[in-house]
Amino acid sequence: MTDERFEWISKRAYAIWEAAGRPWGRSQHHWEQAAREREIMERTRASADGEEVLARFRKTNATHSSEDDASEAEAQTHAKDRRLG
């Protein structure tokens, strides 16, 4: 992976994390999403800022995000129960 590509993915993953409300334990998910976005940009030769690709991802991930948030909340509840139990 080139330094430029790594830096772009890193910055994008951070932006995704911030947009999601800075949730704990989701860094791998955000990194993978950023890497997928970058791959699509490279394949489609999207504009440098990739705004058209990002708009598509926002639309797609809005539905997936609510499902992921519910799963994450459930996992955190179970983890807390185990610590308290």
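The values are calculated or read from the model by the stated rules, or taken from the named source; none is laboratory data. Keep in mind that this is a model prediction, so the values were computed, not measured. All Cβ positions, glycine included, derive from the backbone under ideal geometry; neighbour counts span all protein chains shown.
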> Out of the residues in segment 10-20 that are farther than 14 Å from residue 61 by Cβ and not basic (Lys, Arg), which is surrounded by the most Cβ atoms within 10 Å (Cβ to Cβ)?
Replying inline: 14
> Can you tell me which residues in segment 37-76 are among the hydrophobic types (A, V, I, L, M, F, W, C) and at pLDDT below 65?
Replying inline: 46, 48, 70, 73, 75
